[in-house]
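Right, one structure below, let's go through it.
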Amino acid sequence: MGDRIDDAGAPDLAAAARAGALLTVDLGAIRANYRLLRARAGGAEVAGVLKADAYGLGMAQVAPALVREGCRTFFTAHLDEALRLRPLVPAASAIYVLHGPMPGTAPDFLAHGLVPVLNDAGQAREWRTLAATLGRRLPAAIQVDSGMSRMGMSGADLAALGEPAEWLQAFEPRLLMSHLACADLPDHPLNALQHARFEALRARFPAMPASLANSSAVFLGPSWHYELVRPGAALYGINPQPGAMNPLRQAVSLQARIVQVRTVQAGDAVGYGARWVADGTRRIATLSIGYADGWLRALTNRGFAFIEGMRVPVAGTVSMDSITLDVTGVPEALLMAGRPVELLGPHQQVDAVAQQAGTIGYEVLTRLGGRFYRRYLDN
Ligand SMILES: *Cc1c(COP(=O)(O)O)cnc(C)c1O
């Protein structure tokens, strides 16, 4: 076991005992994942994507861990996330805000040394106006849409702005970027199409460092890396290549406590909506975690937990604060009230839970709740 490295400096056992569930974030695993991504990215710089509170794991702890590995470029989605990140990383670090300057927010970027990702002609004009007012060039990333139709300059935006060589005069052009829709599906034809379109756009922005790859695209090969790659999910242990072995370390474990255990008889219903009915005498354990903690309601009658490595199924509907497990056959000595039961950990990875819930690991992580007792280890 490593040392807990949060503010208190030592685990607060009383606080842990009062919480319904314990979330452990392994910063050492995140750092190892960063190193693995750096090795896979060849010579490209590896940024850290920290939006959504580092995918639910805690930006305040994850950012310094990445800094220790030499990470000096970061991405957030929103301006307020970037403001929270600013004091956590060295002053010379680049912090890009993916959603760019919303109307009226451009001065905030400047005041805090943040770089906007300019996604359309309106944002480019907003940033250009500020540059003109100040009489100097301002750092900017340019996002172009290469086929996802979500964010980034469209052909119409580029036409409206005119020749890049001219309108870029107002900026210090830091990064030309685009984002892939299907990087986790290596054979999807949209990948090659987006790559070709990005190449064509890159020719119009010569001498600008380029970035196309999220986590999955790091594993597509060198032609996707350019100068900078932007992994988020892989840092946090999500498999970037579904279907292949996950080369990354799991960064989270989650345990919830047994509240009580009861025996039900054939025909007895368990949980809201009576969606689970005992087909014989069964033992049911109630666990103190529910959808309010981010344990998805879609896991009703589908998910699993692990008690000393024994797999036990969810029996019935996921409630707000609890789930019920069919623990028939598990030794009673392992079913004491207060005992922690594994929901994420060595026996069950984030991606497995996502699959049971019909979603992706990203959603499982970013939903992780605020009322866990959180421990940060750095192994
Ligand atoms: C979220 C995001 C990333 C990181 O994606 P992962 O799949 O989590 O690696 C990179 N670039 C952009 C534009 C994003 O929105």
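Does the range 219-228 contain at least one residue that is in contact with a Gly (Cβ under 6 Å, 6 or more places away or on another chain), within 11 Å of the ligand (Cβ to nearest atom) and not basic (Lys, Arg)?
Step one: list which residues in the range 219-228 are in contact with a Gly (Cβ under 6 Å, 6 or more places away or on another chain), which gives 222, 225.
Checking which are within 11 Å of the ligand (Cβ to nearest atom) leaves us with none.
Checked against the condition, which is being in contact with a Gly (Cβ under 6 Å, 6 or more places away or on another chain), within 11 Å of the ligand (Cβ to nearest atom) and not basic (Lys, Arg), the range 219-228 yields no hits at all.
Of everything in the range 148-193 that is exposed (fewer than 14 other Cβ atoms within 10 Å of the Cβ) and within 22 Å of the chain's Cα centre (by Cα), the residue that is nearest to the ligand (Cβ to nearest atom) is Arg150. Out of everything in the range 353-375 that is more than 26 Å from Gln241 (Cα to Cα) and either of a type in the set (Lys, Arg) or outside the structural domain of Asp293 (by TED's automatic domain parsing) (or both), what residue ends up being surrounded by the most Cβ atoms within 10 Å (Cβ to Cβ)? Going through the qualifying residues, I end up with Arg374. Within the range 220-238, the only residue that satisfies the criterion of being free of Cβ contacts under 8 Å to residues at least 60 places away in the same chain and on the phi > 0 side of the Ramachandran plot is Gly221.
Against the definition (surrounded by fewer than 21 Cβ atoms within 10 Å (Cβ to Cβ), on the phi > 0 side of the Ramachandran plot and under 30 Å from the mean Cα position of the chain (by Cα)), how does Gly267 come out, yes or no? When the stated conditions are applied, Gly267 does not pass them.
Of the set (1) over 16 Å from the mean Cα position of the chain (by Cα); (2) in a loop (DSSP other than H, G, I, E, B); (3) under 19 Å from Gly232 (Cα atoms), all apply to Ala10 but (3).
When Ile142 is tested against the conditions (1) over 27 Å from Leu365 (Cα atoms); (2) among the β-branched types (Val, Ile, Thr); (3) in a helix (DSSP H, G or I), the lone failure is (3).
Can you confirm whether Leu66 is in the same structural domain as Val97 (by TED's automatic domain parsing), touching a helix residue (DSSP H, G or I) at 6+ places or on another chain (Cβ under 7 Å) and in a helix (DSSP H, G or I)? Step through it out loud before you land on a result.
Working: in the same structural domain as Val97 (by TED's automatic domain parsing): yes; touching a helix residue (DSSP H, G or I) at 6+ places or on another chain (Cβ under 7 Å): yes; in a helix (DSSP H, G or I): yes.
For Leu66, the condition - in the same structural domain as Val97 (by TED's automatic domain parsing), touching a helix residue (DSSP H, G or I) at 6+ places or on another chain (Cβ under 7 Å) and in a helix (DSSP H, G or I) - is met.
Only residues that are assigned to a helix (DSSP H, G or I) and within 13 Å of the ligand (Cβ to nearest atom) were counted across the range 31-52, and they come to 6.
For every residue, the table says whether it meets (1) more than 12 Å from Val252 (Cα to Cα); (2) more than 16 Å from the ligand (Cβ to nearest atom).
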position	(1), (2)
Ala333	yes, yes
Glu342	no, yes
Ala354	yes, no
Thr359	yes, no
Arg374	no, yes
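Residue count for the range 63-75 under the criterion of being away from the ligand (no atom under 13 Å from the Cβ), under 21 Å from Gly113 (Cβ atoms) and surrounded by 19 or more Cβ atoms within 10 Å (Cβ to Cβ): the result is 3. Of all residues in the range 92-109, which are modelled with pLDDT of 95 or more, among the hydrophobic types (A, V, I, L, M, F, W, C) and surrounded by fewer than 20 Cβ atoms within 10 Å (Cβ to Cβ)? Once the filter is applied, which keeps residues that are modelled with pLDDT of 95 or more, among the hydrophobic types (A, V, I, L, M, F, W, C) and surrounded by fewer than 20 Cβ atoms within 10 Å (Cβ to Cβ), the range 92-109 yields Ala92, Ala94.
The values are calculated or read from the model by the stated rules, or taken from the named source; none is laboratory data. None of these values were measured; they are calculated from a predicted model. Neighbour counts run over all protein chains shown; Cβ positions are idealised from the backbone, glycine included.
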